[in-house]
Amino acid sequence: MFTINENYLKLQGSYLFSTIAKKVAAYKEANPEADVIRLGIGDVTQPLAPVIIEALQKAVAEMGTAEGFRGYGPEQGYDFLRNAIAVNDYQARGCDIAADEIFVSDGAKCDVGNIQEIFGISNRVAVCDPVYPVYVDTNVMAGRTGMYNSAAGGFDGLIYMPCTEENGFAPSLPEEVPDLIYLCFPNNPTGAAIKKDALQEWVDYANRNGSVILYDAAYEAYISEEDVPHSIYECSGARTCAIEMHSFSKNAGFTGLRLGYTVIPKDLKAGGASLHDLWNRRHGTKYNGAPYIVQRAGEAVYSEEGKKKLKAQVAYYMENARIIREGLKEAGFTAYGGVNAPYIWLKTPDQLTSWEFFDRLLNEVQVVGTPGSGFGASGEGFFRLTAFGTHENTVEALKRIRRF
Ligand code: PLP
């Protein structure tokens, strides 16, 4: 008789976004005429830029010719894309990262979820609280945690690093030293970013203690302030303690196309074993590669035209962020984020819980956001709005929230 991976049973049944979807569906069924504005789920809304469509079309046409046809591609990604990433995302910023340290994938979610596979089960894991749920869930599935502890609002065995109003949503260095540390800046859900000297402290801490930082840079393109690092490799010593994950989803609209990458420097070693080699082995065994045509579209992101168009797209969302942030403040809310990230983290008024605020916003003004408590215990009393709506919807949503 087969058995199952019982760690999966520890996961909480109801996933945040499915609960939201159910509540919105129930509301719409009861109020079919209602015009509900969704500023909840972190998906982009702007269409792919023409330069990306052209690259896709060209690659599709190539695939239909004898000379241009491609079968299985290189497991770590095509050189044209790895080189474009190394030059533009790293070397142009003074980071010492080579093309062969970059592993192209079908998105950051897979990489941030799968990267834990190359680490031992007994590693102690630290996550921010609140947190993008994938880091926690995949470590639960792997068996690196105990059971869900509803009194504490988290899994036993994990080190939760609270990100609160008091610490500016930037966690303090943990007293109990973790082996694996997940950091994400700019942050989903709080929209917080940290300065280079603060990130350097994490790098020094990890090197001092033999920890690894798993750095999620999915929102790097939204950084607007000078002293906020775009990559952890801007910090000295990061090559020996950090893995970095990137996505083409939020900077270039690839949420549906799927493309991302992970950087594992060759200097990153544990007990003589190279993490780069382990991930290479895993990639070769368990991964089919992002399609050639999508990698060509990724290359177009780094063309002059691509850079210009995508900067404009990010600016479009950040204008929404400004409208939300300032509109909320004018309406008397306390709101954070939205300067280096497409997320605004607002404090619920009148001490409403995150879900109470969700229900009232939906029922009274037909705006959907994401309850902060869905991202962890420290998210209680907060609420996430995203800048990924259209300009018109964002303006209308804020008009309605002012009435709230
Ligand atoms: N990392 C963070 C912090 C995210 O918020 C998301 C998506 O919302 C991802 C990774 C996933 O990115 P991708 O679309 O490349 O899988």
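The values are calculated or read from the model by the stated rules, or taken from the named source; none is laboratory data. Quick caveat: nothing in here was measured; it's all calculated off a predicted structure. Quick reminder, even Gly has a Cβ in these numbers, built from the backbone with ideal geometry, and neighbours come from all protein chains shown. We work out accessible area using only protein heavy atoms, side chains counted, and drop any ligands, DNA or RNA first. Shrake-Rupley method; radii C 1.70, N 1.55, O 1.52, S 1.80 Å.
Only one residue in 285, 334, 348, 370 is among the polar types (S, T, N, Q), touching a helix residue (DSSP H, G or I) at 6+ places or on another chain (Cβ under 9 Å) and surrounded by fewer than 21 Cβ atoms within 10 Å (Cβ to Cβ), so which one is that?
Numbers: 285 fails: touching a helix residue (DSSP H, G or I) at 6+ places or on another chain (Cβ under 9 Å); 348 fails: surrounded by fewer than 21 Cβ atoms within 10 Å (Cβ to Cβ); 370 fails: surrounded by fewer than 21 Cβ atoms within 10 Å (Cβ to Cβ).
Just a single option satisfies the conditions, and that option is 334.
Does residue 112 qualify as being open to solvent by less than 20 Å² (accessible area, probe 1.4 Å) and either more than 26 Å from residue 372 (Cβ to Cβ) or not hydroxyl-bearing (Ser, Thr, Tyr) (or both)? Lay out the reasoning, then the answer.
Working: open to solvent by less than 20 Å² (accessible area, probe 1.4 Å): yes; either more than 26 Å from residue 372 (Cβ to Cβ) or not hydroxyl-bearing (Ser, Thr, Tyr) (or both): yes.
The answer is yes for residue 112.
Does residue 167 meet the test of being within 16 Å of the ligand (Cβ to nearest atom), of a type in the set (S, T, N, Q) and under 22 Å from the mean Cα position of the chain (by Cα)?
On the way: within 16 Å of the ligand (Cβ to nearest atom): no; of a type in the set (S, T, N, Q): yes; under 22 Å from the mean Cα position of the chain (by Cα): yes.
It is false that residue 167 is within 16 Å of the ligand (Cβ to nearest atom), of a type in the set (S, T, N, Q) and under 22 Å from the mean Cα position of the chain (by Cα).
Which of the residues that make up segment 233-249 are more than 11 Å from the ligand (Cβ to nearest atom), assigned to a helix (DSSP H, G or I) and of a type in the set (S, T, N, Q)?
As a first pass, look at segment 233-249 and keep what is more than 11 Å from the ligand (Cβ to nearest atom): 233-244.
Of the ones still in play, those that are also assigned to a helix (DSSP H, G or I) are 233-234, 238-240.
Correct list: 240 only.
Which condition breaks for residue 300 when tested against (1) under 30 Å from residue 400 (Cα atoms); (2) away from the ligand (no atom under 16 Å from the Cβ)?
(1) is the only condition that residue 300 fails.
Does segment 42-65 contain at least one residue that is open to solvent by 60 Å² or more (accessible area, probe 1.4 Å) and within 16 Å of the ligand (Cβ to nearest atom)?
Scanning segment 42-65 turns up at least one residue that is open to solvent by 60 Å² or more (accessible area, probe 1.4 Å) and within 16 Å of the ligand (Cβ to nearest atom).
Go through segment 158-189 and give me each residue that's within 16 Å of residue 380 (Cα to Cα), open to solvent by less than 40 Å² (accessible area, probe 1.4 Å), out of contact with any helix residue (DSSP H, G or I) (no Cβ under 8 Å at 6 or more places or on another chain) and part of a loop (DSSP other than H, G, I, E, B).
Those that are within 16 Å of residue 380 (Cα to Cα), open to solvent by less than 40 Å² (accessible area, probe 1.4 Å), out of contact with any helix residue (DSSP H, G or I) (no Cβ under 8 Å at 6 or more places or on another chain) and part of a loop (DSSP other than H, G, I, E, B): 169, 188.
Filter segment 132-154 for residues that are more than 13 Å from residue 8 (Cα to Cα), open to solvent by less than 10 Å² (accessible area, probe 1.4 Å) and of a type outside the set (Phe, Trp, Tyr) and give the result. Lay out the reasoning, then the answer.
Step one: filter segment 132-154 for residues more than 13 Å from residue 8 (Cα to Cα), giving 132-135, 149-154.
Retained after the next criterion (residues that are open to solvent by less than 10 Å² (accessible area, probe 1.4 Å)): 135, 154.
Matches in segment 132-154: 154 only.
Just to be sure I understand the filter: pairs with C-beta atoms under 8 Å, separated by 6 or more residues or on different chains, first member in segment 263-286 and under 17 Å from residue 211 (Cα atoms), second member polar (S, T, N, Q) and open to solvent by less than 80 Å² (accessible area, probe 1.4 Å). Which pairs pass?
Pairs that qualify, where the first residue is under 17 Å from residue 211 (Cα atoms) and the partner is polar (S, T, N, Q) and open to solvent by less than 80 Å² (accessible area, probe 1.4 Å), are 265/240; 266/274; 267/240; 268/240; 268/274; 269/240.
Given the structure, is residue 312 away from the ligand (no atom under 16 Å from the Cβ) and within 30 Å of residue 385 (Cβ to Cβ)? Don't jump to the end; show me each part of the working.
On the way: away from the ligand (no atom under 16 Å from the Cβ): yes; within 30 Å of residue 385 (Cβ to Cβ): yes.
Yes; evaluated as a whole, the condition is true for this residue.
Looking at segment 191-227, which of its residues are crowded, with 22+ Cβ neighbours inside 10 Å, closer than 23 Å to residue 313 by Cβ, away from the ligand (no atom under 11 Å from the Cβ) and not small (Gly, Ala, Ser)?
The one that is crowded, with 22+ Cβ neighbours inside 10 Å, closer than 23 Å to residue 313 by Cβ, away from the ligand (no atom under 11 Å from the Cβ) and not small (Gly, Ala, Ser): 222.
If a residue has to be away from the ligand (no atom under 16 Å from the Cβ) and open to solvent by less than 10 Å² (accessible area, probe 1.4 Å) to count, how many in segment 76-108 make the cut?
Number of matching residues: 5.
What number of residues within segment 250-266 are small (Gly, Ala, Ser) and either open to solvent by 10 Å² or more (accessible area, probe 1.4 Å) or assigned to a loop (DSSP other than H, G, I, E, B) (or both)? Steps first, answer last, please.
Keep residues of segment 250-266 that are small (Gly, Ala, Ser), which gives 252-253, 256, 260.
Keeping just the survivors that are either open to solvent by 10 Å² or more (accessible area, probe 1.4 Å) or assigned to a loop (DSSP other than H, G, I, E, B) (or both) gives 253, 256.
Total satisfying the criteria: 2.
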